[in-house]
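The values are calculated or read from the model by the stated rules, or taken from the named source; none is laboratory data. The structure displayed is predicted, hence computed values, not measured ones. Using ideal geometry, Cβ is built from the backbone for each residue, glycine included, and neighbour counts are taken over all protein chains shown.
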Amino acid sequence: MRNRSRRIIRAALREVLPKIEGSYDMIVVARSRTPFVKSTDVKKKIEMLFQKSGILKQEEKKEIGNN
């Protein structure tokens, strides 16, 4: 289960990390339900959290707000 959680989180971050401004050190903690969700769901949640924290590039913020 731990390896599946890692794969899901890595897949989500692989798509989201190019969309952030600057460079950051991050710690991502998997929850017990992580192995049972899709990476697209994790990606949406990560994008929402990054947008809320203000680290997404400006054009990315607009696209997420329109969905």
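Taking region 20-39 as the search range and keeping residues that are in a helix (DSSP H, G or I) and closer than 10 Å to MET1 by Cβ, which one is nearest to the chain's Cα centre (by Cα)?
Taking region 20-39 as the starting set, the residues that turn out to be in a helix (DSSP H, G or I) are 34-36, 39.
Restricting the remaining residues to those that are closer than 10 Å to MET1 by Cβ gives 34-36.
Working: THR34: 13, PRO35: 15, PHE36: 16 Å.
Result: THR34.
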Quiz item: For region 14-27, what are the residues that are under 16 Å from LEU56 (Cβ atoms) and either of a type outside the set (Asp, Glu) or at pLDDT 90 or above (or both)?
Solution: ARG14, GLU15, VAL16, LEU17, PRO18, LYS19, ILE20, GLY22, SER23, TYR24, MET26
Self-check item: Pairs with Cβ under 7 Å, 6+ apart, first in region 27-38 and without any contact (Cβ under 8 Å) to a residue 40 or more places away in the chain and at negative phi, second surrounded by 11 or more Cβ atoms within 10 Å (Cβ to Cβ) and hydroxyl-bearing (Ser, Thr, Tyr)
Solution: ALA30/SER5; THR34/SER5; PRO35/SER5
Quiz item: Do we find a residue being surrounded by fewer than 11 Cβ atoms within 10 Å (Cβ to Cβ) and at pLDDT below 90 anywhere in region 34-52?
Solution: no
